[in-house]
Amino acid sequence: MTGERSEKPITVLHLIAPAHFGGAEKVVLSLAGAMDRSRFEVVVGSFVNARFPDNEFLGRVREMGIRNAVFWLRRTVDLENIPRLVKFIRSEEVAIVHTHGYRSDIIGLIAARLSSRPVIATIHGFVPIDSRLRLYEQCDRFALRFFDLVLPVSDRIGEALCASGVRRERITTVRNAIAPGDDGGWKRSASPLSLFKRDGDFLIGIVGRLSPEKNIPGFLEAARRLSKRYGHLRFVVVGEGPERECLEGLTMRLGLDGKVRFTGFVEEMEEVYSLLDMLVIASSTEGVPLTILEAMKHGIPVVSTGVGGIPEVIEDGVDGLMVGAGDTAALCRAVETLVVDGNRYMAISRNARKRVLRDFDRLSWARRIESCYLSMLNKREEASNE
């Protein structure tokens, strides 16, 4: 088998359990849009909670015209989906199973092995914020030992996988990427967010799911301290999640009413980026967040905790600023540096845009993953011929 394998496209099944529309979901859609369709056909299989059938990710998949199937979940890991998935893999002539997340990793591994198909996983990061998720993470790390190939989004995640027993030769780091895009024609509209930012205001945002690992309270505490010193600062929290009500209550208790705006989920992020002057990441754990790459593409300076794969994206002091996780005082100092020093702000803005356009191009990323697919198929064919 060679790179010119056959006229018929290779069918790749991506499996994901899209509880919300986050980074992993965006990666799957981005890859589906960037794949060479003359050589590969993407099919998306979604494990969806049967109690919540309306799903943003499914809507996006269907809008893009991607072949897809839904496997309903009636419990955390619904083993009844295994025979359904095996049947689907065989009937749709799936050649490769590509999984995203612990549910998909475990069920996808079993179904792929029963179907005699190679299986590959992208590891977007682990979020062990409670005992239940820590247990799922342990099960996932064990399952990943039996994959043909594992693609962590950062070297740091790759080292952690090695330490948990995944063979090093089966690990290939493939960092996330974005499309360069053409943002020059974007027009600001009279939305609540654009009205919130008045002339002369400096808008600082945090973007992501409103859940504990994102440390939104740390961001709000920094907002409280900084807003006392600089009256032109405004803050925005973009995203939805289980902590929203508590966070809105905290905002009121901190005296930030009128200074902080919660947008909820935003489908069209271009307007947000057109208004942001700075992005803050206060997380305790991350992979390589797409929001950092998107901000850098727009020339928006990023102040972030140095967790997960973020140090592999940002060079501290050159194209962004990094602080220790949980260090609110350091976060305030870093943000303040860019608020008061216009020259440094502009230098980081220019460097950030150059870095992301140079090193995180979506087409190069997709070609690398395609190469992983072909290499994996070649190895399996060689092994079967021995």
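Odds and ends about this structure:
- Proximal lysines relative to residue 26, as straight alpha-carbon distance under 23 Å, when same-chain residues fewer than 8 apart are discounted: 214, 297, 354
- Percent of beta bridges antiparallel (DSSP, region 179-302, rounded to nearest 5): 5 percent
- Rounded to whole Hz, the Karplus (6.51, -1.76, 1.60) HN-Hα couplings of region 225-236, x for glycine and proline: 5, 6, 5, 5, 9, 10, x, 8, 7, 10, 10, 9
- Volume per residue for region 192-359 equals 102 cubic angstrom (convex hull of Cα atoms).
- Counting only the Cα atoms, the chain fills a convex hull of 145 Å³ per residue.
- Once the C-beta distance of residue 270 and residue 385 is scaled by a Förster radius of 35 Å, the resulting FRET efficiency is 0.10 to the nearest 0.05.
- Interchain or long-range residues, amide H under 5 Å from residue 123's placed H: 151, 153
- Within region 192-359: Cβ-based charge dipole about Cα centre, in debye rounded to nearest 20 (Lys, Arg +1; Asp, Glu -1): 540 debye
- Tilt relative to the chain, helix 244-253 - C-alpha long axis, 0 to 90 degrees, to 10: 20 degrees
- Taking the alpha carbon gyration tensor of region 104-246, multiplying each eigenvalue by 5 and rooting it gives semi-axes of 40, 20, 14 Å, largest first.
- C-alpha long axis of helix 342-359 to longest principal axis of the chain, angle in °: 10 degrees
- Put simply, the amide H of residue 47, placed in the peptide plane, has neighbours under 5 Å in 16, 17, 71, leaving out anything fewer than 5 places away on its chain.
- Taking the inverse of the mean reciprocal distance over all distinct Cα pairs, the Kirkwood hydrodynamic radius of region 1-138 comes to 15.5 Å.
- Close amide H pairs (under 5 Å, H built 1.01 Å from N) link residue 202 with 233, 234, residues at least 5 positions away or on another chain.
- Helix 81-91 axis, angle to the chain major axis (alpha carbon atoms, nearest 10°): 60 degrees
- Region 254-287 versus region 338-386: alpha-carbon centroid distance in Å: 25 Å
We did not get these values from a lab; they are worked out from the coordinates using the rules stated. Because the structure is a prediction, the values reported are computed rather than measured. Cβ: placed from backbone, ideal geometry, glycine included. Neighbour counts: every protein chain shown.
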